[in-house]
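S.K.: Pasting a structure below so you can have a look.
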Amino acid sequence: MSDNELIQRAIKMRSQALAPYSNYKVGAAVLTESGRIFGGCNIENSSYSLTICAERVALFKAVSEGETKFKALSVSTNNAGMPCGACRQVIWDICGDIPILIADDNSLIVKTESIKLLPMPFDATKLS
Ligand code: THU
């Protein structure tokens, strides 16, 4: 599975975005250790706060299908936007330190990793 395949899936997922309020369409795709890709898009709501980001849709779809280990996550927007703070926490909790591939609506722009997006994270290790 190449980085480019995952990036292209995130780009494709943008077309599913339901973003009538912000008009900011986001696509995401997560690669599992078993080699499956789960896609997600942002889904906005008239109450605004019930909106869910593309990254969390992709991850929650994968987890709900029994996936527990992840290899990489890609996010696509029209301007290579970075994951929001809430998604950074969710990505860290569910995936740990994995490559994060940030794309615009065409190709990879930034390759980083989840620990760089959320340095000194809070997580389950603090709860035991
Ligand atoms: N959004 C995402 O889908 N992912 C992010 O990490 C940042 C923000 C969405 C939420 C909302 O639908 C729109 O982008 C504008 O904030």
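The values are calculated or read from the model by the stated rules, or taken from the named source; none is laboratory data. Keep in mind the model is a prediction, meaning the values are calculated, not measured. Positions of Cβ are backbone-derived with ideal geometry, glycine not excepted, and every protein chain shown enters the neighbour counts. Heavy atoms of the whole protein, side chains included, go into the accessibility calculation; ligands, DNA and RNA do not. Shrake-Rupley method; radii C 1.70, N 1.55, O 1.52, S 1.80 Å.
S.K.: On the basis of being touching a helix residue (DSSP H, G or I) at 6+ places or on another chain (Cβ under 9 Å), open to solvent by less than 80 Å² (accessible area, probe 1.4 Å), modelled with pLDDT of 95 or more and over 19 Å from A19 (Cβ atoms), does A58 make the cut? Break it down stepwise before answering.
M.R.: Values: touching a helix residue (DSSP H, G or I) at 6+ places or on another chain (Cβ under 9 Å): yes; open to solvent by less than 80 Å² (accessible area, probe 1.4 Å): yes; modelled with pLDDT of 95 or more: yes; over 19 Å from A19 (Cβ atoms): no.
Judged against the criteria, A58 is not a match.
S.K.: Could you please find all residues in the range 17-50 being more than 17 Å from A103 (Cβ to Cβ), within 8 Å of the ligand (Cβ to nearest atom) and open to solvent by 50 Å² or more (accessible area, probe 1.4 Å)?
M.R.: Matches in the range 17-50: Y21, S22, I43.
S.K.: Now for a separate question. Check I98, I91 and return the single one that is within 15 Å of the ligand (Cβ to nearest atom) and touching a residue at least 24 places away in the same chain (Cβ under 8 Å). Explain how you work it out, then say what you get.
M.R.: Details: I98 fails: within 15 Å of the ligand (Cβ to nearest atom).
On inspection, the qualifying residue turns out to be I91.
S.K.: A further question follows. Mind listing just one residue for me: the one in the range 93-128 that is of a type in the set (S, T, N, Q) and open to solvent by 70 Å² or more (accessible area, probe 1.4 Å) and, of those, nearest to S2 (Cα to Cα)? Let's see the steps before the verdict.
M.R.: To start, the set of residues in the range 93-128 that are of a type in the set (S, T, N, Q) comprises 106-107, 112, 114, 125, 128.
This time we only want the ones that are open to solvent by 70 Å² or more (accessible area, probe 1.4 Å), so: 106, 125, 128.
On the way: N106: 16, T125: 32, S128: 37 Å.
Taking the candidates together, the pick is N106.
S.K.: Then there is this: Please find, among I11, I52, I43, the residue that is among the β-branched types (V, I, T), touching a Gly at 6+ places or on another chain (Cβ under 8 Å) and farther than 20 Å from K116 by Cβ.
M.R.: Values: I52 fails: touching a Gly at 6+ places or on another chain (Cβ under 8 Å); I43 fails: touching a Gly at 6+ places or on another chain (Cβ under 8 Å).
Answer to the selection: I11.
S.K.: Take the conditions open to solvent by 30 Å² or more (accessible area, probe 1.4 Å) and either within 13 Å of the chain's Cα centre (by Cα) or at pLDDT below 95 (or both) and apply them to R14. Does it pass?
M.R.: Numbers: open to solvent by 30 Å² or more (accessible area, probe 1.4 Å): yes; either within 13 Å of the chain's Cα centre (by Cα) or at pLDDT below 95 (or both): yes.
So R14 fits the description; yes.
S.K.: Filter the range 40-50 down to residues that are of a type in the set (S, T, Y) and without any contact (Cβ under 8 Å) to a residue 12 or more places away in the chain, then give me how many there are.
M.R.: We begin by selecting, within the range 40-50, every residue of a type in the set (S, T, Y); these are 46-49.
Now narrow it down to the ones that are without any contact (Cβ under 8 Å) to a residue 12 or more places away in the chain: 47, 49.
Counting residues in the range 40-50 that are of a type in the set (S, T, Y) and without any contact (Cβ under 8 Å) to a residue 12 or more places away in the chain gives 2.
S.K.: Checking the conditions here, which among I11, I37 is in contact (Cβ under 8 Å) with a residue 12 or more places away in the chain, in contact with a Leu (Cβ under 7 Å, 6 or more places away or on another chain) and of a type in the set (A, V, I, L, M)?
M.R.: Values: I11 fails: in contact with a Leu (Cβ under 7 Å, 6 or more places away or on another chain).
Just a single option satisfies the conditions, and that option is I37.
S.K.: A further question on this structure: What tally of residues in the range 61-87 results from selecting those that are in contact (Cβ under 8 Å) with a residue 12 or more places away in the chain and either more than 13 Å from the ligand (Cβ to nearest atom) or open to solvent by 60 Å² or more (accessible area, probe 1.4 Å) (or both)?
M.R.: Number of matching residues: 12.
S.K.: Can you run down the residue pairs with Cβ atoms below 9 Å, 6 or more apart or on separate chains, where the first is in the range 108-128 and over 16 Å from S74 (Cα atoms) and the partner is outside any helix (DSSP H, G or I)?
M.R.: Taking only residues 6 or more apart or on different chains, the pairs are D123/G96.
S.K.: Residues of the range 97-128 being within 23 Å of K12 (Cβ to Cβ) and assigned to a strand (DSSP E or B), which ones?
M.R.: Passing the criteria: P99, I100, L101, I102, A103, L108, I109, V110, K111, T112.
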